[in-house]
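S.K.: Here it is: the structure, laid out below.
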Number of protein chains: 2
Amino acid sequence: MTGLAIDRIHVGDRAELSRVASSSNVSEFLDSVGDRNPLHHDSRVAGTTRFARPIVPGMWTASLVAAVLGTKLPGPGCVYVAQSIEFTRPVDFGDTITARVEVVERLVEHNRVRFKTVCVNQRGEIVMRGEAVVLPPKVEISYAEGVTNNIAWLEWSRLPYQWATEAVTSWTRFYAAALGAWSASADSARSMTGQGPKTPTETEA
Amino acid sequence: MTGLAIDRIHVGDRAELSRVASSSNVSEFLDSVGDRNPLHHDSRVAGTTRFARPIVPGMWTASLVAAVLGTKLPGPGCVYVAQSIEFTRPVDFGDTITARVEVVERLVEHNRVRFKTVCVNQRGEIVMRGEAVVLPPKVEISYAEGVTNNIAWLEWSRLPYQWATEAVTSWTRFYAAALGAWSASADSARSMTGQGPKTPTETEA
């Protein structure tokens, strides 16, 4: 895994990751956050809803986006600033969900990257979409099986709490950008579903 | 657990849930979504970042908001439409995170409820904030330890895929509302941190 600094990130760069929404994966997720909503595990309750069956929690799906950002693009060392999420379709147990991210804006002076984010099922149907804003690492970091080749510690040690003050001002900018980009991103999010990634795909069960 | 229909939900209603960001909870979360970002588990990598230690994944924190919405307010049967997230501060392993939701708008004609959402740590510092939009159940549903007293199946059976078409139009409305409410909600999100909930608090380890 390589955590890319902003100078190696370009508009249009893409990454993706696929994962099966297995019962065991989802059970682990629900246990980890203490979510006892019967919609996700009790077929008697779920069977009476408009979905007529238990469905996978939306935040499990949304968390796949975080996994792509934190492991592939920008990769290790990036800091999550903001994420917007729209759930557009239920995810069934057993579905294979692919989370895709694509760089739509580089804000170099603030070391920020804005991504279009979308999750699709095995039929290519969009189940979630939105936007993410992250701070990539200040300098490139490589990581492989616990071996770290890090050249960043000196630079980062000079910026201990700068991120916090930066984050305070990011939200308004994020919303304004997202609002302006909505019409365009709604169309292009759909177009992403037919395009291959620039980085390798991995499927985990 | 009772899933409330919109006629029993009022602006200002609040609920919350607390949970410890223990190593075991977070490990389960990372396993469930396949997130191998060393920032969350490798102290050698994390020690070189601006945080100088491993931090809890932001989406674990965000998922506590979903747990409150799905189990307390509106409760079982609600459908998650959208969520905006801003991460404002890192969460450390061992922190106790309290997720709070407060109704800020009822859109009765669309059976939608908009919530202000905030997560705070054990010192009352905001670590995440944003807004959520959900569809509460059409009629009240009660659920206790696997025993369901459901009066909703007939009404819901008439609405099999209506949610999907509704969801398509919700995003623009959500963003417009969020943008307009931003100045007010930024202030009131802070004020939430000093207020007690209307529903019982539970802390789980």
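The values are calculated or read from the model by the stated rules, or taken from the named source; none is laboratory data. Owing to the predicted nature of the structure, the values given are computational and were not obtained by experimental measurement. Please note: Cβ atoms are built from the backbone with ideal geometry, for glycine as well, and neighbour counts cover all protein chains shown. Quick note on the areas: whole protein, heavy atoms, side chains included, nothing else; ligands and nucleic acids left out. Shrake-Rupley method; radii C 1.70, N 1.55, O 1.52, S 1.80 Å.
S.K.: Report, by residue number, each residue of the range B:124-151 that is under 29 Å from B:V20 (Cβ atoms), modelled with pLDDT of 80 or more and open to solvent by 30 Å² or more (accessible area, probe 1.4 Å).
M.R.: B:G124, B:E125, B:S142
S.K.: On to the next question. Specify the residue that is most open to solvent (accessible area, probe 1.4 Å); the eligible residues are those in the range B:47-71 that are touching a Lys or Arg at 6+ places or on another chain (Cβ under 9 Å) and more than 7 Å from chain A (Cβ to nearest Cβ).
M.R.: Only one residue fits best here, namely B:G47.
S.K.: Suppose we filter the range B:16-31 for residues that are facing chain A (nearest Cβ under 8 Å) and of a type in the set (V, I, T); how many remain?
M.R.: Qualifying residue count, the range B:16-31: 1.
S.K.: Let me ask something else about it. Which is closer than 24 Å to A:E125 by Cβ and under 19 Å from the mean Cα position of the chain (by Cα), of A:G12, A:G70?
M.R.: Of A:G12, A:G70, the one residue that is closer than 24 Å to A:E125 by Cβ and under 19 Å from the mean Cα position of the chain (by Cα) is A:G12.
S.K.: Still on this structure, I have one more. Condition (residue is open to solvent by 10 Å² or more (accessible area, probe 1.4 Å), within 20 Å of B:I97 (Cβ to Cβ) and at the interface with chain B (Cβ under 7 Å from one of its Cβ atoms)) applied to the range A:81-100: is it met by at least one residue?
M.R.: Looking through the range A:81-100, none of the residues is open to solvent by 10 Å² or more (accessible area, probe 1.4 Å), within 20 Å of B:I97 (Cβ to Cβ) and at the interface with chain B (Cβ under 7 Å from one of its Cβ atoms).
S.K.: Condition test on B:R44, is it over 23 Å from A:V127 (Cβ atoms), facing chain A (nearest Cβ under 9 Å), out of contact with any helix residue (DSSP H, G or I) (no Cβ under 6 Å at 6 or more places or on another chain) and surrounded by fewer than 24 Cβ atoms within 10 Å (Cβ to Cβ)?
M.R.: yes
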